[in-house]
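These notes concern the structure reproduced below.
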Number of protein chains: 4
Amino acid sequence: MKGNEAIAYGALKAGLNAYFAYPITPSSEIPETLAKEFRSPSYPEFKVFLQSSSELEAINMVIGAAATGAKAMTATSGPGFSLKQEGLSYAAAMELPFIVADVNRGGPGLGNLGPEQSDYFQATKGGGHGGYRNIVLAPNSVQEMASLPSLGFTLAFRYRTPVIILADAFLGQLKEDIVYPSIVEEKFDTPWATTGANGETRHVLVSLRLDFDDQSRHVEHLMKKFEEAERNDIKYETYMTDDADVIIVAFGIVSRLCKLAVNILRDKGMAVGLFRPITLSPFPSAPLAKLARSGVKRFLVVELNTGQMVYDVKLAVERNEVVEQIHRFGGLLPSANEIVKKVEMTSR
Amino acid sequence: MKGNEAIAYGALKAGLNAYFAYPITPSSEIPETLAKEFRSPSYPEFKVFLQSSSELEAINMVIGAAATGAKAMTATSGPGFSLKQEGLSYAAAMELPFIVADVNRGGPGLGNLGPEQSDYFQATKGGGHGGYRNIVLAPNSVQEMASLPSLGFTLAFRYRTPVIILADAFLGQLKEDIVYPSIVEEKFDTPWATTGANGETRHVLVSLRLDFDDQSRHVEHLMKKFEEAERNDIKYETYMTDDADVIIVAFGIVSRLCKLAVNILRDKGMAVGLFRPITLSPFPSAPLAKLARSGVKRFLVVELNTGQMVYDVKLAVERNEVVEQIHRFGGLLPSANEIVKKVEMTSR
Amino acid sequence: MKGNEAIAYGALKAGLNAYFAYPITPSSEIPETLAKEFRSPSYPEFKVFLQSSSELEAINMVIGAAATGAKAMTATSGPGFSLKQEGLSYAAAMELPFIVADVNRGGPGLGNLGPEQSDYFQATKGGGHGGYRNIVLAPNSVQEMASLPSLGFTLAFRYRTPVIILADAFLGQLKEDIVYPSIVEEKFDTPWATTGANGETRHVLVSLRLDFDDQSRHVEHLMKKFEEAERNDIKYETYMTDDADVIIVAFGIVSRLCKLAVNILRDKGMAVGLFRPITLSPFPSAPLAKLARSGVKRFLVVELNTGQMVYDVKLAVERNEVVEQIHRFGGLLPSANEIVKKVEMTSR
Amino acid sequence: MKGNEAIAYGALKAGLNAYFAYPITPSSEIPETLAKEFRSPSYPEFKVFLQSSSELEAINMVIGAAATGAKAMTATSGPGFSLKQEGLSYAAAMELPFIVADVNRGGPGLGNLGPEQSDYFQATKGGGHGGYRNIVLAPNSVQEMASLPSLGFTLAFRYRTPVIILADAFLGQLKEDIVYPSIVEEKFDTPWATTGANGETRHVLVSLRLDFDDQSRHVEHLMKKFEEAERNDIKYETYMTDDADVIIVAFGIVSRLCKLAVNILRDKGMAVGLFRPITLSPFPSAPLAKLARSGVKRFLVVELNTGQMVYDVKLAVERNEVVEQIHRFGGLLPSANEIVKKVEMTSR
């Protein structure tokens, strides 16, 4: 199964109710798969599938569906993700839970269809206006493409916030066998949803707060939620980090090459480990800082961009000079050997 | 003169050729002023003024004008800045020089019309897809609102890149006397511009590079340009930092309250200084790092957001525990007294 | 039941598969009713209900649905009907069967929400570019609002053409009891439909024919279809026309006042009848011409516009001076008494 | 000079102030020519040239410019003319004077780029909603393409109404020498224009009249204006009609083939003439009716469509059986010989 298909089925198994998107390579198999399964008796909860006439429309339809408490999702890539930023800012302000899958391609501009991780900043820091923060999940296998939508909805509804699944063109096209996790399709309480008052209290979701104190309290509330997620819901994978002198930090597809490099380096007798953030935002700074304090001598950040996560790693590590980096971009990947050599060189 | 008027006149004095925008509070006096001066004999180079029918259209019209080598500009705020992110990514890829003024209001979502600095991440890190970096200038007075467009065009044409002027709702409405700097209206060489081949070599500007190596080289080229700007063109203001134990770091309107606080604290006999980045991106990390190494004990970052520039300050300083922060948002400003107290408290 | 509800239920009973529209007064109860019945077990064939984000989108979505052989429909009024004209021209060229209900309000421009019949020319003659002709049906009761969608689909599929149901604001709001005709939900053969080739011949529907001879043959084919409909499928109602000296010609809501006037005039001993076109296009010229030849002395055309159907009546009658007219507009209706007086006056 | 260029220069000589359009074949030389002459010192009154981002935008920009009393114009073809119908209806209601040139191509749908006259109904009868009537001018030479914009503006401002110049793809591309008529550039009084109140009475132009009586009076006013134009401003050309037994009726490009046919037939000794309407709307019914009453035995209507003007001819002539027709479409033209034969045949 392809990664893009896996994310579609993962969303369906997690109880997806509504999908809206404008197709864009390299994410198009997601709507294609969902279109095929629409009205299938296997997914009776999947009630709305709609190809919108633009990226802007798609995100605003997702907002509308999410406002009713439905499990809603959209998928896109680069240019489409940019067009969705206004909507994401509104959704953050309205505290709407949904998933946006961004299958990162080469950029900026039209760029190309190669894999990249260059939307890291956009997903984790910037993107829309007004200073909200998204929860961002980064799968590194077709298996995780299938399982992260379930976690995504859980976090989206727990914190009432958009969740970004940041994949890449390689992961989207990669074919691997997967085992469906026995997902318990969660029902989330949505006492805030606009489901029709029917005589009871009317719910209204707004992104406009003209009063300065009111707006200030609201932004503080959003900040507290993010800090709570940072305390309770960061996710990361460590591999042979216990005794490591050197730790490679990588996320997504490129983390697999890094694991391979770790194995090669361990075979050579070097104490090297891998730290893989799964939640890119909130970033797992605390465990990384702990590793830094516990005697790790060097960190090597490997990214498919010009250097973005490296900022978060440096912030956690607090000594810029011990943080090295490899960056490849434009659709190119580093080889495991290249990573091995870089570690050997920086360890001298 | 209001800040929004000053930025308009500053652009005209710098030789503005073309302005396109969709009006949005609190930036609307910019197009209003330019509309009034359109066809005025004082500004014969100001040849196109156009109110577009959407924010998307405005940025794409700016792209078109800039591609001909014209000095083009647009202005917007929050939601409109988000809608322009796709265009900014394309412009970065095509290396087009122009100015976008973002008069930051309270967000996210519709938020309110109060002053904020919450678009810091969006302007300096994220925003559009594909990992480009903008040059970002932050005025802190009506005088600088008038002078930064000239610097903006200089940097935009020097590095062939969009330049963001990040102001805020307060600065836009603030009235102050200004002295026009004697701007020498620069003529920039634009051998790349698409001005009509007329029998000579045809210029084509693209944002699409399907070949991975080609795209990789191009992104590297963009990165090198940014690093060059970081070496040669960072701008910042220091105030009484020479002997300071504590340095307040602030940009834009709030830096003025910080200067006031420095004066009060100096009167009290405390060795406090102010570091004000004018280029928010590239960030003046090197001079700040130097101050950190030369014995400054504490840094206090004051921002009108939930904490964004503080990341760049910590990255420069490399000891997170010596970086304190004050953040106000939602349209609220801290008082000078509040800043004074925070410094006194953290200096114990 | 309101007329707008009746047209919605009439379409459902006729097997409506897909409805797309942007709501506009005074037609909004049509989408409201259909939204309510969407997913109701009573109408299992009603599979798509979509509120589009513009009138243009709605007509193009209808085109897409109709191209698959589905029974598709949209409803609108004045300004929205104008915005749909490009789509209608494309649909005519592609020979797509569907229904557009135009609930005529007062115009031109925004006008008002009163009843009018001023879209007669637009529906029957002009509208879109390129000289196609629509089939246009004009109900005059809530009962016909319920029954004409069934006839509409029959004619649409028989001639592969858009069918307009031209109602008005009064009919849309009028409440009357209705009896559902026992509609045999017809299945239409659609060998041309683009339902997915599945290994068989692929169907393509085009509106572009660059070759002059090809385009000429195609337009001739469209003309022949319309002439065939004129021979076989004109519909009209006559009331006491057999011995009439004077015949009132009227369609839609105002025909009911005319019938009342006929009754009053008959009571007064005058030989007056009513001719009501139900297909406004093709116009029932032949039966009207026959009446003209068989001794009728005068015709009185009563319309809620400045005089549009009167052209078709004159063309059929061939003596302009025997055709009188009453026209009311702007939301106003003539009284039965006014019609009576006009007949008495013109009969002297 | 090409017809499309001639119409552009004709508009400029008539004092064009503002042009807005979205380019569409076969009218694109019109904006191309105007773009070239924009800012030329020869046309100081030509102050705004704007390529809009859609046909809808173009017509609404024309509305905005015309509301200030400017001489505004747009040009389009088929699909674009359809998209402009909502705007035309609003403009009719607001009584705005401007020119729309429709360079008719083959239709319906995308059709092809050949010459046709199939937008006759759309321009003269239908088009937009709500029952207004346009003034429609039909040139038949490059010379008239150059002179009709001047007449167009005169009639537009005299009757405060949109004026359509209905040309075709052949006329647009035809090259002929022309002599510029010594146009006295008229200044029109526009006491209704919204030019900024400056302390005086504010003008407001509306298309919304919720009150039924108010709307009724307004529509009656529009109707009276059209009737006045019908009395005073119909234009037509007659050629050898004085003693004619047979009269050919034709407009636009095809009228030239008809004149040739008349010459051939006169050489053969037959009493044949040509009647060419220049105002298609209001239609010159009165002079045509007079000819019918004065002994003409037959009329032959020659049109590049499936038969549209023939309705207006029959209405004027009042005996359908004496009106013959030739129609060619899809980009095809009849030959002069074919017209000659048809006349010979019908004269037997």
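The values are calculated or read from the model by the stated rules, or taken from the named source; none is laboratory data. Just so it is clear, the structure is predicted and the values come from calculations on it, not from any experiment. All Cβ positions, even for glycine, are placed from backbone atoms using ideal geometry, and neighbour counts span all protein chains on display. The area values use the complete protein model at the heavy-atom level, side chains included, leaving out ligands, DNA and RNA. Shrake-Rupley method; radii C 1.70, N 1.55, O 1.52, S 1.80 Å.
Enter the angle in degrees (range 0 to 90, nearest 10) between the Cα long axis of helix B:85-94 and the first principal axis of the Cα atoms of chain B, meaning the one along which they spread out most. For helix B:85-94, the angle is close to 70 degrees. Take every DSSP beta bridge whose two residues both sit in chain C; close to 20 percent of them are antiparallel. To the nearest 10 degrees, how steeply does helix B:55-67 sit against the main Cα axis of chain B, on a 0 to 90 scale? The two axes meet at around 70 degrees. Principal-axis analysis of the Cα atoms of chain D puts helix D:336-347 at an angle of about 60° to the longest axis.
This model, with +1 at the C-beta of Lys and Arg and -1 at the C-beta of Asp and Glu, gives segment A:287-348 a dipole about its Cα centre of some 220 debye. Our Cα-only numbers for segment B:76-172 put the radius of gyration and Dmax at 12.7, 36 Å. Taken about its Cα centre, segment B:196-236 carries a charge dipole of about 140 debye when Lys and Arg each add +1 at the Cβ and Asp and Glu each add -1 at the Cβ.
Partner shielding of A:86-94 amounts to 6, given as the average count of beta-carbon atoms from other chains within 10 Å of each residue beta-carbon.
With protein chains left intact and a 1.4 Å probe, residues in the protein assembly as shown average 36 Å² of accessible area per residue.
Distances between every pair of Cα atoms in segment C:120-252, grouped in 10 Å steps from 0 to the bin holding the largest one, split as 9, 29, 34, 19, 7, 1, 0 percent.
Beta bridges from DSSP with both residues in the protein assembly as shown: antiparallel share about 20 percent, rounded to the nearest 5.
For B:Leu113, the residues whose modelled amide H falls within less than 5 Å of its own, excluding neighbours fewer than 5 places apart on the same chain, are B:Gly106.
Using the Cα gyration tensor of segment D:36-132, with a ≥ b ≥ c the square roots of its eigenvalues, what is the shape: rounded (a/c below 1.5), prolate (a/b larger than b/c) or oblate (neither)? Verdict is oblate for segment D:36-132. Projecting the Cα positions of C:Val219, C:Leu208, C:Ile234 onto the charge dipole of segment C:200-273 (unit charges on Cβ atoms of Lys, Arg, Asp and Glu, taken about the Cα centre) puts C:Ile234 furthest along the positive direction. Only protein heavy atoms count here; under a 1.4 Å probe, B:Met223 has an accessible surface of about 30 Å².
Heavy-atom accessible area, probed at 1.4 angstrom with all protein chains present, ranks C:Asp245, D:Asp102 as C:Asp245, D:Asp102, highest first. For chain B, the fraction of 1.4 Å probe accessible surface lying on carbon and sulfur atoms is 50 percent. Calculated on the alpha-carbon coordinates, the convex hull of segment B:254-348 measures out at 97 cubic angstrom per residue.
Positive-end ranking of D:Tyr19, D:Pro41, D:Pro31 along the dipole of segment D:1-65, with charges on Cβ about the Cα centre, is headed by D:Pro41. For segment B:154-170, the Karplus equation 6.51 cos²θ - 1.76 cosθ + 1.60, evaluated at θ = phi - 60°, returns couplings of 4, 5, 4, 7, 4, 9, 6, 8, x, 10, 9, 9, 9, 9, 8, 4, 6 Hz by residue, with Gly and Pro reported as x. The modelled label-to-label distance between B:Glu32 and B:Thr154, using points 7 Å beyond Cα along the C-beta direction, is 3.1 nm. Would you please classify the overall shape of segment B:171-238 from the alpha carbon gyration tensor, given that a ≥ b ≥ c denote the square roots of the eigenvalues, rounded means a/c under 1.5, and beyond that prolate means a/b larger than b/c while oblate covers the rest? Judged from the Cα gyration tensor, segment B:171-238 comes out oblate (a/c at least 1.5, b/c at or above a/b). Peptide D:213-221 has a mean of 6 when you count, residue by residue, the C-beta atoms of other protein chains within 10 Å of its C-beta. Express in whole angstrom the spacing between the alpha-carbon centres of segment C:234-287 and segment D:79-109. So the separation of the two Cα centres works out to 35 Å. Peptide D:114-124 has a mean of 5 when you count, residue by residue, the C-beta atoms of other protein chains within 10 Å of its C-beta. When the Cα positions of B:Pro284, B:Leu300, B:Gly87 are compared along the charge dipole of chain B, B:Leu300 comes out farthest toward the positive end, with charges on each C-beta of Lys, Arg, Asp and Glu. Per the Debye formula with a single identical scatterer at each Cα and no solvent contribution, what log10 I(q)/I(0) holds for segment C:201-245 at q = 0.15, 0.26, 0.28 Å⁻¹? Rounded to two decimals, the profile gives -0.62, -0.95, -0.97. Shown for B:Glu176: label points 7 Å from Cα along the beta-carbon vector, and their distances to the equivalent points in the other copies, 5.6, 6.8, 7.4 nm in ascending order. Summed for both chains, how many Å² of accessible area, to the nearest 100, are buried between D and C with a 1.4 Å probe? By this definition, chains D and C bury close to 5000 Å². Ellipticity at 222 nm from helices only: DSSP H runs of n ≥ 4 in the protein assembly as shown, each -39500 (n - 2.57), divided by the residue count, give -12500 deg cm²/dmol. Pairs of lysine in segment B:167-310 with Cα under 30 Å and at least 8 positions apart or on different chains: total? For segment B:167-310, qualifying lysine pairs total 18.
Accessible surface comparison of D:Tyr22, D:Tyr180, D:Tyr132, probe 1.4 Å, protein chains only, largest first: the order is D:Tyr22, D:Tyr180, D:Tyr132. Pairwise Cα distances in segment C:1-71 exceed 13 Å for 63 percent of all pairs. Taken over chain B, the alpha-carbon convex hull comes to 141 cubic angstrom per residue.
Using a cut-off of 9 Å between beta-carbons, work out the net charge of the residues near B:Ser285 (Lys and Arg +1, Asp and Glu -1, B:Ser285 not included). Residues close to B:Ser285 contribute a combined charge of -2. Identify which of D:Gly109, D:Gly172, D:Gly130 has the largest mean-square fluctuation in a Gaussian network model of chain D, with springs joining Cα atoms closer than 10 Å. Result for chain D, Cα springs under 10 Å: D:Gly109 fluctuates most.
Could you work out the percent of alpha carbon pairs in the protein assembly as shown separated by over 42 Å, rounded to a whole number? Counting pairs separated by more than 42 Å, the tail of P(r) holds 55 percent.
Work out the count of Lys pairs in segment D:1-120 where the Cα-Cα distance is under 20 Å, with the pair 8 or more places apart or on different chains. So the count of such lysine pairs works out to 9. Residues whose amide H lies under 5 Å from that of D:Leu280, counting only those 5 or more places away or on a different chain, are D:Val136, D:Leu137, D:Ala138; hydrogens are built 1.01 Å from N in the peptide plane.
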